[in-house]
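Participant: I am attaching a structure below and will ask some questions about it afterwards.
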Amino acid sequence: MDAERKQTYKTVKQLRSALAEGDSQRFQRTLATQPTLSLLKAIREQKLLVKNYAVEHELVVEIVRTVASTVLSPGELEEYSNYLSFIGPWQKSKEYSEARLKSCFNNFPKVSIEELLQIFDKALDRFFSKLTISAPKENQTVADYEKSIHDRNGIANDVLFAALRALNDASRKVVDPSARNLSPSTRLSSIRRFYKAVQLASEVNSLDWIMDSVSYGDLVVSKLQTGSPIDAHLEYADKKRSLMLNLAIRRNLIGVMYLPRNERYVREMLKASETSVLTEALEFYAGFVNENPSQIDMESLLRQSSSRLAQVEEEDDLLVVASARAGKQDHATYYLTSMCLTWFSMAADAVQKAFPRSFRRRSSVPIPSSLIESAVSSAGGKQVAETIKALSSTLPTKSHHDLVRRPFLSVREDDTLWLLNGDPGLWNLKVREALLSGGKVGDAYGHVWEEFLAKTFEDSDWQLIGRNKRLRLGGQTATEVDLLLKKNDLLLVVEVKALIGSNITCYDHWRSRQTIEWGCRQATAAAEFIKSNKNWLVSVAGKQLAEEVHHIQPLVLTNNDLLDGWQFEGVPVMGEVGRKAITIGAKVDYTDQSGRVVSTRWITKKEELTTDRILWSLQNPVELLIAPESLEISHRVLKLGGLAVLAPEFDLRDDLESVPAIAVSS
C-alpha cells in the first residue's frame, strides 16, 4: 500500500469516529487536513455517509460538498454533489421499505426453524413455478436466445436473494423451538404472508443494489429531481465495463448449461464417488418413507449431478496444486464434502417428487451429517465434521448473502442439515473461499496461475523473455513485472492478478476491481520504465531481441472473467477468452444443444496475429462483437418506496446473425 492510500485509510477512520460521536466540527477539521480526490472517493466507496447516517446528516453533507468544490472539476463536482443529495432520499426510502418488510412478521405465528424453512420452500416454489425456459423461437438469434436465458436466471436469482433476506429477518422474530406445528389453514396464511415479505424484501434489495452500485462506481446519479416521488436518474459510470460484466456472467451460465467441458482433475475425483453416494442417499430417503429406491430415475439424477460438476473449472485444479504447495492437504475433503451434501439434497428432492403423498405429513427431509462424514471419509477425507461446519450456516446469519455462499443450514443441535430451496449451485465457489482463507494458499495460487499463463504463452509462438523481473535504476528497485512476452515487434508488459471469489455482491466485484486497477498501474509503471531505459531491456532479452521491439504494451491478465475486456487508465484487462484471442486466435462456434457445431465464425485466425491485429484484439473483446446489446442506453423506471429510479439498460442490436443455436467463444 503506497503512502497516499495509507493516509487516506487513516483519515477515513478518523472521519468515521467523528461521525459516530456526532462531532461535526471534528469531522470538518479532519476533512480539511486531506482534501484530495482519493479521500472524496474513499468517502463514497466506504459509504461513510450512508452507514453513519445521523441527525446532522445535512450539515455533514454540506461540509463534504464545500470541500469537494475545492478539489473537483465542475463536471466531477456536479456528479459528486448529486451523489451527496441522493443519500437522504435513499435512506428514507430504505427505512420505509424495511419497516414494511418487518411488519409482515408482526403477527406471524411462532414456528420451529423446520416449519419456517418449509414455509420458505413453498413461497419460493410459487415464484419459481412462473419462470420457465422456452425453446428458441423461429429466426431468433443465438445471442437473443442466450440473453433470454440469462434474463430468466437473473430474475430467479433476484427472487432467491429476496427470499433469503425475508427468511433471515423472519428467523430473528418468529422462531420458537418449542412451537407446535401449525394447522393447515394457519400454515397457508403464513405462506401467503411470507410470499408478501419476499416481494417487499426484493424492494429493499433493489435499494441496496442501487446504493452499492453508486458507491462502488458502477452507476452515477446524473440528475436528481425533488417532488413526490423523488426522481433519481442513473447512468453507467463505465458502459463498456458494465456490459462486459453482464456478458461474462452470461457466457459462464451458458457454458455450464449447454457446452461440453474440458476434463478437470477435481471433477474426475468427485465423479469417482458420484454413483455410490447417490445410491446411498436414495436408499436413505426412500427408506425414510418406506418406499423402494429402485423406482427413482438414477439417470436423471446423474444428469443433474453432471450439470453441477460442470461448474468445476481450471481454477479448481490450480487451487488444488496451490493448496498442496502451501502444505494444506484438506482440499479433497472440502470438495467432496460440498458435493456429497449436494448429492444428498438432490436425492431428497427426487424421492419427495417421486412419492409426494409419503412426504405430505413429514416435517422435514434432513441431510444426516453422519452419513456425509462416512461417505467423505471412505473416499479419503479427513476432519469432515469441521469441514461441514465451515461450509454450513446457522440462522440468523449476519447477512442474507451468507446464505447464498453457504446454503446448507444446521437447524438443530443434532447432526441434521438442510439445503435451502433455490440453491444457486455455488458449491465450488464456497469451497474456493474456504480454502483461500489465510494468506499462504492465496500466495501459492497466484504463483501457480502465473506459471500456468507463462506455459500457455510458451506453448504458442510468443517468447517469454522475462518473469518476475525487478526493474532497477541506480541500484534501487523502481517496480516489478510478472511476465515479459514478445511476438513480432510487440512487447507485452504483463501484471498477473489471480482472484478467487464469488463476486455475489457489488462489494465483492469492487474488491476484485481494486486489485485489477492496482495491477494496471503497476503494468503502466513497468512499461514506462522499459521505454525510458532501453539498456535494461537489452540486459534481460539481449541486444538483438531488444532492437526488434517497437511497441511496448502494458497488460493485466486475470482469471476473473467478469473483468475480461475492460480497460483502466488505458491498460487492457484480459481473462481467458482474451488470452486465447492473442495466442491461438478467436472464433465463435455455434452449436446445437447436443454440442454439435453447426456454424463457425472466425474473428481472428492464428496466422493473422500481426502486431496490429493483436493490439486491435486488446481493444475489441470477442464477447462485445457477438453480444445482442449495443452500447446505446435507454432507461426503465423502478418505483421503490418514495423514490422513482430511472435505471439504465442496454439497447438491443439488429444486425446479428440468425443462427438458432448456442454460441461459445474461444
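The values are calculated or read from the model by the stated rules, or taken from the named source; none is laboratory data. The structure displayed is predicted, hence computed values, not measured ones. With ideal geometry, Cβ positions are generated from the backbone for all residues, glycine too; neighbour counts draw on all protein chains shown.
Participant: Run N82 past the list (1) of a type in the set (S, T, N, Q); (2) at pLDDT below 95; (3) surrounded by 13 or more Cβ atoms within 10 Å (Cβ to Cβ) and report the number of the one that doesn't hold.
Facilitator: If we test N82 against (1) of a type in the set (S, T, N, Q); (2) at pLDDT below 95; (3) surrounded by 13 or more Cβ atoms within 10 Å (Cβ to Cβ), just (2) comes out false.
Participant: Select from the stretch 484-498 the residues that are closer than 29 Å to Q311 by Cα, of a type outside the set (D, E, K, R) and in contact with a strand residue (DSSP E or B) (Cβ under 6 Å, 6 or more places away or on another chain) and list them in ascending order.
Facilitator: Restricting attention to the stretch 484-498, the residues satisfying the condition of being closer than 29 Å to Q311 by Cα are 494-498.
Narrowing further to those that are of a type outside the set (D, E, K, R): 494, 496, 498.
Within the stretch 484-498, V494, V496 qualify.
Participant: Search the stretch 101-120 for residues being hydrophobic (A, V, I, L, M, F, W, C) and part of a helix (DSSP H, G or I), and hand back the single one that is nearest to L164 (Cα to Cα).
Facilitator: Only one residue tops the list, namely F120.
Participant: Select from the stretch 169-214 the residues that are assigned to a helix (DSSP H, G or I) and among the small types (G, A, S) and list them in ascending order.
Facilitator: The initial filter retains those residues of the stretch 169-214 that are assigned to a helix (DSSP H, G or I), namely 169-173, 184-214.
Within the stretch 169-214, A170, S171, S185, S189, S190, A197, A201, S202, S206, S213 meet the criteria.
Each row is one residue, and each column tells you yes or no for (1) under 18 Å from M244 (Cα atoms); (2) surrounded by fewer than 19 Cβ atoms within 10 Å (Cβ to Cβ); (3) within 30 Å of the chain's Cα centre (by Cα); (4) small (G, A, S).
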residue: H509; (1), (2), (3), (4): yes, no, yes, no
residue: I552; (1), (2), (3), (4): no, yes, no, no
residue: R579; (1), (2), (3), (4): yes, no, yes, no
residue: S599; (1), (2), (3), (4): no, yes, no, yes
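Participant: In the stretch 68-94, how many residues are in contact with a Leu (Cβ under 7 Å, 6 or more places away or on another chain) and among the hydroxyl-bearing types (S, T, Y)?
Facilitator: 4
Participant: Confirm whether L309 is crowded, with 20+ Cβ neighbours inside 10 Å, under 28 Å from W449 (Cα atoms) and touching a Phe, Trp or Tyr at 6+ places or on another chain (Cβ under 7 Å).
Facilitator: No.
Participant: In the stretch 604-627, is there at least one residue being part of a loop (DSSP other than H, G, I, E, B), surrounded by fewer than 14 Cβ atoms within 10 Å (Cβ to Cβ) and either at pLDDT 90 or above or of a type in the set (S, T, N, Q) (or both)?
Facilitator: Scanning the stretch 604-627 turns up no residue that is part of a loop (DSSP other than H, G, I, E, B), surrounded by fewer than 14 Cβ atoms within 10 Å (Cβ to Cβ) and either at pLDDT 90 or above or of a type in the set (S, T, N, Q) (or both).
Participant: Here are E569, E517, E576, E608: which of them is among the charged types (D, E, K, R) and farther than 30 Å from D218 by Cα?
Facilitator: E608 is the lone residue from the list that is among the charged types (D, E, K, R) and farther than 30 Å from D218 by Cα.
Participant: Still on this structure, I have one more. When you go through L182, L131, L164, L160 one by one, which is the residue that is over 30 Å from S228 (Cα atoms) and surrounded by fewer than 17 Cβ atoms within 10 Å (Cβ to Cβ)?
Facilitator: Selected residue: L131, the only one of L182, L131, L164, L160 that is over 30 Å from S228 (Cα atoms) and surrounded by fewer than 17 Cβ atoms within 10 Å (Cβ to Cβ).
Participant: Here's something else I'd like to know. Scan the stretch 145-161 for residues that are closer than 10 Å to L253 by Cβ and either in contact (Cβ under 8 Å) with a residue 60 or more places away in the chain or not assigned by TED's automatic domain parsing to the domain that holds Y195 (or both) and jot them down.
Facilitator: Once the filter is applied, which keeps residues that are closer than 10 Å to L253 by Cβ and either in contact (Cβ under 8 Å) with a residue 60 or more places away in the chain or not assigned by TED's automatic domain parsing to the domain that holds Y195 (or both), the stretch 145-161 yields E146, I149, H150, N153.
Participant: Pick from the stretch 224-269 the residues that are assigned by TED's automatic domain parsing to the domain that holds E315 and without any contact (Cβ under 8 Å) to a residue 40 or more places away in the chain: which of them is farthest from S305 (Cα to Cα)?
Facilitator: So the residue we want is E263.
Participant: Next question, about the same structure. Looking at G595 and the list (1) at pLDDT 95 or above; (2) more than 24 Å from the chain's Cα centre (by Cα), which single condition is not satisfied?
Facilitator: It is condition (1) that G595 fails.
Participant: While we're on this one: Among (1) assigned to a helix (DSSP H, G or I); (2) farther than 30 Å from I133 by Cβ, there is one condition G327 misses while meeting the rest; what is its number?
Facilitator: Here G327 clears every test but (1).
Participant: Taking into account only those residues within the stretch 255-281 that are part of a helix (DSSP H, G or I) and in contact with a helix residue (DSSP H, G or I) (Cβ under 6 Å, 6 or more places away or on another chain), which is surrounded by the fewest Cβ atoms within 10 Å (Cβ to Cβ)?
Facilitator: Y265
Participant: Please enumerate the residues belonging to the stretch 628-637 that are surrounded by fewer than 12 Cβ atoms within 10 Å (Cβ to Cβ) and among the hydroxyl-bearing types (S, T, Y).
Facilitator: S634
Participant: Next up: Quick check on my filter: what residues within the stretch 52-75 are without any contact (Cβ under 8 Å) to a residue 12 or more places away in the chain and not in a loop (DSSP other than H, G, I, E, B)? I'd like the intermediate steps shown before the answer.
Facilitator: Residues of the stretch 52-75 without any contact (Cβ under 8 Å) to a residue 12 or more places away in the chain: 62, 66, 69, 73-75.
Those that are without any contact (Cβ under 8 Å) to a residue 12 or more places away in the chain and not in a loop (DSSP other than H, G, I, E, B): E62, T66, S69, P74, G75.
Participant: Here is a further query. Inspect all residues belonging to the stretch 434-454 and state whether any of them is in contact with a strand residue (DSSP E or B) (Cβ under 6 Å, 6 or more places away or on another chain) and either surrounded by fewer than 18 Cβ atoms within 10 Å (Cβ to Cβ) or over 24 Å from D2 (Cβ atoms) (or both).
Facilitator: yes
Per-residue answers, yes or no, for (1) β-branched (V, I, T); (2) touching a helix residue (DSSP H, G or I) at 6+ places or on another chain (Cβ under 8 Å):
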residue: E95; (1), (2): no, no
residue: E98; (1), (2): no, yes
residue: V111; (1), (2): yes, yes
residue: I119; (1), (2): yes, yes
residue: K122; (1), (2): no, yes
residue: F128; (1), (2): no, yes
residue: K147; (1), (2): no, yes
residue: A156; (1), (2): no, yes
residue: A162; (1), (2): no, yes
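Participant: Examine the stretch 530-544 for a residue that is surrounded by fewer than 16 Cβ atoms within 10 Å (Cβ to Cβ), within 30 Å of L656 (Cα to Cα) and over 20 Å from the mean Cα position of the chain (by Cα), and state whether such a residue exists.
Facilitator: No, every residue in the stretch 530-544 fails to be surrounded by fewer than 16 Cβ atoms within 10 Å (Cβ to Cβ), within 30 Å of L656 (Cα to Cα) and over 20 Å from the mean Cα position of the chain (by Cα).
Participant: Give just the number: which of (1) touching a His at 6+ places or on another chain (Cβ under 7 Å); (2) within 15 Å of G519 (Cβ to Cβ) does W566 not satisfy?
Facilitator: (1)
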